1. Length gain on complete extension for the stretch Ser94 to Ser75, per 0.36 nm per residue less the alpha carbon to alpha carbon distance?
2. How big is the stretch 69-112 by the Kirkwood estimate over distinct Cα pairs, in Å?
3. Among Ser121, Ser94, what is the fewest-to-most ranking by other Cβ atoms within 10 Å?
4. In nm, what is the difference between 0.36 nm times the number of residues separating Ala58 and His113 and their Cα-Cα distance?
5. Compute the distance in nm between two label points, each set 7 Å from the Cα along the Cα-to-Cβ direction, one at Phe126 and one at Leu83.
6. Where nothing but the Cβ of Lys and Arg (+1) and of Asp and Glu (-1) is charged, how large is the charge dipole of the stretch 49-144 around its Cα centre, in debye to the nearest 20?
7. From the phi of every residue in the stretch 59-73, what ³J(HN,Hα) in whole Hz does the Karplus formula 6.51 cos²θ - 1.76 cosθ + 1.60 yield, where θ is phi - 60° and glycine or proline is x?
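Values in this text are rule-based calculations from the coordinates and carry no lab data. If you're wondering where the values come from, they're calculated on a predicted model, not measured in any experiment. Heads up, the Cβs are rebuilt from the backbone with ideal geometry, glycines too, and the neighbour counts pull from every protein chain shown.
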Amino acid sequence: MPVKKYGIDKKRNFLKHPFADTPVKITRSVTLMAAIVLIGSFATAAPSTLRITIETFAPYYSPKIVHIGTGTIISWENPTSTLHSITHDGCKESENCAFDSGAIGPNRTFTVHHLSPGIYSYHCSFHPIMRGALVVLESDSSSET
């Protein structure tokens, strides 16, 4: 029975695995199961990531206001030469503090992985004029302003 050392003999539908002693007959059910596994692995998409850039001039956070879905990861990037922070307004008002980055140095990032649906206004603790907002929706849609 001619079977390639590793691979498929297309004439007889046999598969020779490098660790198997005998060839394995390829059936439609095996092919279907392999296709289902491959499709399933592509169907489970990773959560999307939204990047917000910290800027030296207005609007300071770009984008300033963002509408995102609950599974979205948010990442703030600081390309400036100054220290900044990403501090939820609830942290300074003694409410529920959803996120507080502390000092974000030049060329550093701060990431939030999960927020419940709601509106999250935030600011820079070092420069209170810098303000932004996240609107987290139950859906997976996202938009920027």
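1. Details: separation 19, 0.36 × 19 = 6.84 nm, distance 2.42 nm.
Answer, rounded to one decimal: 4.4 nm.
2. Working: mean 1/r = 0.0883 Å⁻¹.
After inverting the mean inverse Cα-Cα distance, the result is 11.3 Å.
3. Working: Ser121 13, Ser94 7.
Arranged by neighbour count, lowest to highest, Ser121, Ser94 become Ser94, Ser121.
4. Working: separation 55, 0.36 × 55 = 19.80 nm, distance 2.61 nm.
Between Ala58 and His113, full extension yields 17.2 nm more.
5. Placing both labels 7 Å along Cα→Cβ, they lie 0.6 nm apart.
6. Details: 5 positive and 9 negative charges, 52 e Å.
Here the stretch 49-144 has a charge dipole of around 240 debye.
7. Coupling constants for the stretch 59-73: x, 6, 10, 10, x, 7, 10, 10, 10, 9, x, 4, x, 6, 8 Hz.
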